[in-house]
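Input: a single structure, listed below in C-alpha cells.
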Amino acid sequence: MIGMSYYPYWDGVDYTQNIAAFSSNLNDMGSRYGKEVMVCEVGGLENDPTNTYNMLVAVQNAVKAVPNGKGLGVFYWEPEGNAAVLPDAYQLGATAVVSSNVLKFTDALHAFGTFPYASGTYELVNRNSGKALNVTGGASTDGANIEQWGYNAWSTQKWQFIDIGSGYYEIKNVGTGKALNVSGGSLTDGANIQQWTYNAWSSQKWQLITAGNGYYQLKNVGSCKLMDVSASSTADSAQIVQWASNGGWNQLWSIIKVN
C-alpha cells in the first residue's frame, strides 16, 4: 500500500487550487505501481471548520474515484489538537476551545459521515461557469425557474439535501422552502428545472453521482437525465435544464457547505 499526505495549508493555497493535482497523483500511484493508496495524513485550519469540511469531502471523493477500487480511505492527522493548548501551536486540528482543559470536535469531522451532505446548507456551483444555482428573481412561487448566478449568499442560493431513502434526495431551497423539480415531469432534453412544493414526484427526486475531483452529477430519478446549464453558458441568469449525460463540465457540480 502507498500512504500519502495532503496539506493545502503548507502549500499556502486553498484546497480548490490543487485538489485536482492531488487526485491525479492518487490515480497515478495506483496505476503505475499497481498498489492500493490511502491518505494517511490530512488536515485543515481549526478556525475554519467549514472550509476544512469541504476539503475533507473533496479528498474522500478523490480517494473513492481511484480506478479499480484501489483507494482505501482517509485519516485526519491530529484531529484532537488545538493551537491554544499545544506547545507548538499546531493549527490543523479539528477542535474548538470550550473552557479550560475542555475541547470539542468541530463540524469539520462530519465530513466522515455516511453521507456528508445530510445536514447544513450548501451552494451548488457549476464546474464550467463557476456560478451558483439560484431561484430566478428570488421568486417563492411554484414553477419559478432555476438559473445560475454569481454567488452572493442569497437565501435562494442555499440548498438542503433531504434523505428520502433508496439513495435519493429532495434538494430543497432555503429561501423558498420548495424543491428542485423537472418542469411537467418531462423526459426530454432541454426541459427546464424549476422549483415546486414537494409532492414526492419522481421528477423531484435526485441521485448524486460522484464524478471525481470533488464534483457530482445530479441525476433526476424520473427522467434519468442530468442537471445541466443550458448551452454551457457562463453568464448570470443562464437557465438550468436537464440533459442526457454527455461528459460536459456544465453537468458537473461542486457542493460547498455555507453553514
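The values are calculated or read from the model by the stated rules, or taken from the named source; none is laboratory data. These numbers were taken from a predicted model, which means no experiment stands behind them. Neighbour counts run over all protein chains shown; Cβ positions are idealised from the backbone, glycine included. Accessible surface areas use protein heavy atoms only, side chains included; no ligands, DNA or RNA. Shrake-Rupley method; radii C 1.70, N 1.55, O 1.52, S 1.80 Å.
Brief remarks on what is shown
- Cross-linked pairs Lys70/Lys205; Lys172/Lys205; Lys158/Lys257; Lys172/Lys257; Lys158/Lys178: Cα-Cα separations exceed 19 Å for Lys70/Lys205.
- Whole-number percent relative contact order across region 118-201, with pairs defined as alpha carbons under 8 Å at least 6 apart: 27
- Note on Ser230 and Ala153: with the Förster distance fixed at 22 Å, the Cβ-Cβ geometry gives a FRET efficiency of about 0.35.
- When you filter the chymotrypsin sites (Phe, Trp or Tyr not before Pro) in region 169-234 for DSSP loop state and at most 13 other Cβ atoms inside 10 Å of their Cβ, nothing is left.
- The angle between the Cα long axis of helix 49-64 and the longest principal axis of the Cα atoms of the chain comes to about 80 degrees, rounded to the nearest 10.
- Tilt relative to the chain, helix 19-33 - C-alpha long axis, 0 to 90 degrees, to 10: 70
- Ser254 - accessible surface, heavy atoms, 1.4 Å probe, Å² rounded to 10: 20
- The chain, accessible area per residue, ligands and nucleic acids excluded (1.4 Å, Å²): 45
- Percent carbon-and-sulfur accessible area, region 1-102, ignoring ligands, DNA and RNA, probe 1.4 Å: 51
- Across region 226-236, rounded Karplus estimates of 3J(HN,Hα) from the backbone phi angles (6.51 cos²θ - 1.76 cosθ + 1.60, θ = phi - 60°) give 9, 5, 8, 8, 3, 6, 6, 5, 10, 8, 4 Hz, Gly and Pro being marked x.
- The residues Cys224, Cys40, sorted by heavy-atom accessible surface at 1.4 Å with ligands and nucleic acids left out, run Cys224, Cys40 from largest to smallest.
- Gly214 long-range amide H proximity, modeled H, under 5 Å: Ala62
- Cut-off under 5 Å, modelled amide H: who pairs with Ala144 long-range: Gln195
- Rounded to the nearest 20, the size of the Cβ-charge dipole of region 8-73 about its Cα centre is 400 debye, with Lys and Arg at +1 and Asp and Glu at -1.
- For region 171-186, 3J(HN,Hα) per residue [Karplus equation, 6.51 cos²θ - 1.76 cosθ + 1.60, θ = phi - 60°, Hz, x = Gly/Pro]: 10, 9, 6, 5, x, 10, x, 9, 9, 5, 8, 7, 3, x, x, 4
- Only protein heavy atoms count here; on that basis, with a 1.4 Å probe, Glu78 has an accessible area of about 60 Å².
- In percent, rounded to a whole number, the relative contact order of the chain is 17, using alpha-carbon pairs under 8 Å and six or more apart.
- Using C-alpha pairs under 8 Å with a sequence gap of at least 6, the mean separation divided by the residue count of region 46-182 gives a relative contact order of 16 percent.
- Amide H contacts of Gln239 (H built 1.01 Å from N, in plane; Pro and chain starts excluded): Ser230 sit under 5 Å, all sequence-distant by 5 or more or on other chains.
- Accessible surface comparison of Val135, Val97, probe 1.4 Å, protein chains only, largest first: the order is Val97, Val135.
- The listed residues Leu103, Leu218 rank as Leu103, Leu218 when sorted by accessible area, largest first, using a 1.4 Å probe.
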